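**Student:** Sharing a structure with you now.
None of the figures in this text is laboratory data; all of them are computed from the coordinates on show. These figures come from a predicted structure and were not determined experimentally. Cβ placement follows ideal geometry from the backbone for every residue including glycine, while neighbour counts extend to all protein chains displayed.
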Amino acid sequence: MGISRGKVDPGEIFTDALIREVKEETGLSVTVDRVIETVQLENPEKIFVFLIVEGTLIAGSVHLSDEHTDYAWIQREKLSSMDFSDIYKQFASNYSKTPDYLEYKANRLK
């Protein structure tokens with residue numbers, strides 16, 4: 001199972017890039033509501049920071065780009081059972097155990 005991702009073009013605002021990437025890869029129109037987590041991955045040459053965001057579906061039906069072969073809507077409580085790459089597993093485990101974002105953030109700060 002993969003997670004959609006993309007890059008911010010030079011001069012592009014971060015939230016605009018997210019909205020554009022979702023539209024390009026899925027055909028869906030969304031809003032970006034908030035960043036819920038960051039995940040960092042380091043290699044000898046670069047540091048990558050992944051921002052995991054919550055959004056809201058505005059309109060559209062799924063039409064996948066050539067970058068994807070399948071998709072799934074996953075309930076929060078089932079995230080921890082998904083076969084994500086190692087860098088997302090801890091987030092998925094923690095996030096799936098909380099009913100909402102505010103509780104997730106409160107638990108994370110303890």
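**Student:** I'd like the Kirkwood hydrodynamic radius of the stretch 14-108, using the inverse of the mean 1/r over distinct C-alpha pairs, in Å.
**Tutor:** Across the stretch 14-108, the inverse of the average 1/r is 14.9 Å.
**Student:** Of 64, 79, how do they rank once you tally other Cβ atoms within 10 Å and put the fewest first?
**Tutor:** On the way: 64 13, 79 18.
With the sparsest Cβ surroundings first, the list reads 64, 79.
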